[in-house]
Structures are given as C-alpha cells and as structure tokens.
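The values are calculated or read from the model by the stated rules, or taken from the named source; none is laboratory data. For clarity, every value in this text was computed on a predicted model and none was experimentally measured. Here the Cβ positions follow ideal geometry from the backbone for every residue, glycine too, while neighbour counts run over all protein chains shown. Accessible surface areas use protein heavy atoms only, side chains included; no ligands, DNA or RNA. Shrake-Rupley method; radii C 1.70, N 1.55, O 1.52, S 1.80 Å.
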Amino acid sequence: SPEQGSFVEVGLAPGGAHPTRLHDPRVPNPFNITWVTPTAITRTTGSDQVTLALGGGNTLSLRVTSDRAGIYRIACEGAGADVAVLRFHLAADDGGYHGLGERFGPVDARGSIVPMQFHVEPRSTSGTNEFHVPVPFFVSTRAYGMFVETLAPGAFDVASTDASRVSATFETRTAAVTLYTGEKPADVVAAYTRQTGLPRLPPRWAFGPMHWRNEWRSRDELMEDVRRIRAEAIPTTTVWIDNPWQRSYNDSEFDTNRFPDPPSLFQELQRMGFKVLVWSTPYLDAVSDGATARNTAEELFVQARDRGWLVLLGSARRPYVSVSNPGSAGGMSDANGALVDFTSRDASDFWTRRLEPLIDLGVRGFKLDYGEDVLIELLGMRTNFQFSNGENERTVHSTFPQLYHGAYRAALMRRANDDGFLLVRASSWGG
C-alpha cells in the first residue's frame, strides 16, 4: 500500500451506481462519488475474511487466499445501498509498468491513465481512444504484477495523478484483485496466463507469410498475384480476401460477379498451397420498418429482428444500428450495421450455421473487424444497450468481442476440425 494510504477505497453514491450517468473511472473524482476508506473491522470469518465498516450502513468484505506461492487473491464485495465504485492502490516504485492490453504509446505505462474500455474521443484522429484490447493486468520490471478480475468499466492510473501511487478504479461493487510475485517478470506473466487461459497454438501454416490486398477487383487479379508469388518462390501460405467479397453485407455468400465459380477458385488456390481467409463483421444490413428486404443480408436482418437475435438499444428496445455505416468502407455505401446479439445461444448458432458452407468451400479463417460498438457511455451518459441474457453494456462491453469471435471458431471446429485462424480487432482479458 502507499504510505499514508489504504490499499482499497470505496466510492459511495446515494443509492449506489447512478442509473443514467457513468461514474467515470478515468478521473480522480467521478460524478457524484464520495471516497471513503474502511474505518473498522466489524467481523472476521475464519482466518481469511474480514468485513470492514464504511459508514452509513455500508460495508466491504475482503477474502484473502493464496493457493500457490507468490500469488495472493483478494476478493472484494461491497454491501449497502451506496456502494458504487472500488479503487485499489499500490505504492509506485522505480520499476517499469508493462501490459494493460493493446496501447499506442510508450511501452512503460508510467504517467498514463489507461482506460479498460473503448471510448469515443472527439479529439483523436480516429474519433476514438483506440483501446481495442484493454486488459486489467500489469507486470512490473521489479517482478510483481496486478490483475483486477472484473468485467466492469475501469481505468489504471499509473503514477499519473499521484506519482507515488498506481491505482485501479472500477465502477462495481465486487471485484477480485490478484497480486503476483516472482523472481523475474516472466514468472508473473506465466502466473497470470495460467489464471486467465493460455493462448491457443495457431496451426503451423499461420506462421508463414500471408498475402493481402485491401480489395481484389476480380478473380483474374487475385490469380495474377498468387501465380507471381509462386513464380518468385515466395513461401506464402495464406491469402486474405478482404471486403468486398460477398453479395450483400455479411450474407456469407461469395459475389460470383467478382469471383466467378468459387469452388473452382478454391480448388486452384488449394492446389497451389494457399489457405484462404476472408473478412467479416458482426452486423446485418438493417431494413426500415415496413420496407421490403432487397437482398439476402436484409432478409437475414428481418429474420434476426423478428426472432430477437439483435442487440437492442434504449427504453423502446429497438435494434441498435451503427451510425457509422460500417459497410461503406468495403464499397457498400448503403449497408447499415445492425449488431447481432451473440449473448443469445440461438443467435450465435444462427450465425455459425451461415458460416459453415464457407468452411466446406475451403475458408480456413476470418479477419474479424469491429466488435467495439458496445460503448459504456456517450458524453457521460449510459448507452442503455440491452442483451438477451439480461445484461447491459456495463459487463457486455468486455465480453461481446469474445462471444462474437466464438461463433466463427465454432464453425471452424465443426467443419474444419479446428484447423483455423482468427485475426481479430477487439478483445479483452481471457480472449
């Protein structure tokens, strides 16, 4: 713990977390939050659990366990009407702080506030904060680490607001913090990955050179490329066919005007030693109420909408449709993006079944674009996403990318004996 400070602080707000405003974990003093530290121990349970008083009838229970040398888990559970936010502090030292997911900046996170979710950021070139893969874990060059096991919105303040502290703040009543120590940083990373899941080993062919164009205008252009690659004896294993390649937006059917006779195309590419991977996103082309579907993707949208397989938004519970027209980047300027609700097993199976004919054709992987639509807030207000499993954006912002990717991996498992590869844009811890 920092000198003159507590390992844990609790953010109290009247009635708990606000129903419409986010308690922004990126700032020292989130909206409507009063910070308190425990004042007394009110109860002990055995040797590993204590309950701490916070005032006003609110409490925080801590259970400390260690099932392996050098690993300590502190499970925290707030109780009472007003508990809304948890914050954990460690003393900063002269080590470097590495990890926290995909970041664009210095390798050492010291001096940074690192969010654990994707945000709209009008001041950036892209309009977002570019945190596509946030991971609430860091490893110090002094061979210790910290992982906050939660799906809640959060942020790490790495000796930025206070140079003497590294703090992790999450809008939640419950979280588990694991502290790791080892002889070297690699020991800490190994312990963390044992806890959250080791990466899957990709197939051998995925480690060879891969060839890609943003767009192939025709089958002839594609074949010209691969024949030249073989003529030059470049040991390329894989060809990516990016957007556009489908008849309509995410109908999973090859555009035979652009790529005539797909079965013979795949046979020729396989004969030349190429694996084929294609682009995809988690959307269907939305249709206005009362309008007639004009293509397969729009017909699939109507089917998914009527069966409750789309993400809903707002009190009216209408299907969420991306405002960015995501299909426009691939030449489908009028393709709207209605987000498939992968928290529904039926919706996920529906999506997987659409992919299986592609696997049978010879597709062995997918470039999975997008997946970050489930924002936790806009201009400080909650976004009010609703999912079939009863959850909302407070947790699904973290799990949605993995559920989305899982539908594709299921298709590869069913039809290709798991001989496949996913290149993904968004993810989170455990992904």
Original post:
Exactly one of (1) under 29 Å from the mean Cα position of the chain (by Cα); (2) surrounded by fewer than 19 Cβ atoms within 10 Å (Cβ to Cβ) is unmet by Val83. Its number?
Top reply: (2)
Original post:
If we only count strands (runs of 3 or more DSSP E) wholly inside segment 99-192, which ones have 3 or more residues that are farther than 28 Å from Asn32 by Cα?
Top reply: 134-140, 174-181
Subject >> Ile376, sole failed condition from (1) open to solvent by 10 Å² or more (accessible area, probe 1.4 Å); (2) of a type in the set (Val, Ile, Thr); (3) farther than 29 Å from Val239 by Cβ >> reply: (1)
Original post:
Is it the case that some residue within segment 87-96 is crowded, with 20+ Cβ neighbours inside 10 Å and touching a His at 6+ places or on another chain (Cβ under 7 Å)?
Top reply: no
Original post:
How many residues are open to solvent by 20 Å² or more (accessible area, probe 1.4 Å) and of a type in the set (A, V, I, L, M) when one looks only at segment 287-304?
Top reply: 3
Subject >> Inter-residue pairs, beta-carbon under 8 Å, first in contact (Cβ under 8 Å) with a residue 60 or more places away in the chain and in segment 24-35, second of a type in the set (Lys, Arg) and not in a loop (DSSP other than H, G, I, E, B), 6+ apart >> reply: Phe31/Arg21
**OP:** Could you tell me which residue of segment 235-249 is most open to solvent (accessible area, probe 1.4 Å), considering only residues that are part of a loop (DSSP other than H, G, I, E, B) and not aromatic (Phe, Trp, Tyr)?
**Re:** Arg247
**OP:** Enumerate the pairs (first residue in segment 92-106 and in contact (Cβ under 8 Å) with a residue 12 or more places away in the chain; second residue anywhere and of a type in the set (Gly, Ala, Ser) and open to solvent by 50 Å² or more (accessible area, probe 1.4 Å)) with beta-carbon separation below 6 Å, excluding pairs fewer than 6 apart on the same chain, so at least 6 apart or on different chains.
**Re:** Ala92/Ser164
Original post:
Across segment 1-12, which residue is modelled with the highest pLDDT among those that are closer than 18 Å to Leu52 by Cα and assigned to a loop (DSSP other than H, G, I, E, B)?
Top reply: Phe7
**OP:** Only residues in segment 288-305 that are on the phi < 0 side of the Ramachandran plot count as the first member; pair them with residues that are of a type in the set (Val, Ile, Thr) and in a helix (DSSP H, G or I), Cβ under 7 angstrom, at least 6 apart or cross-chain, and list the lot.
**Re:** Ala293/Val302
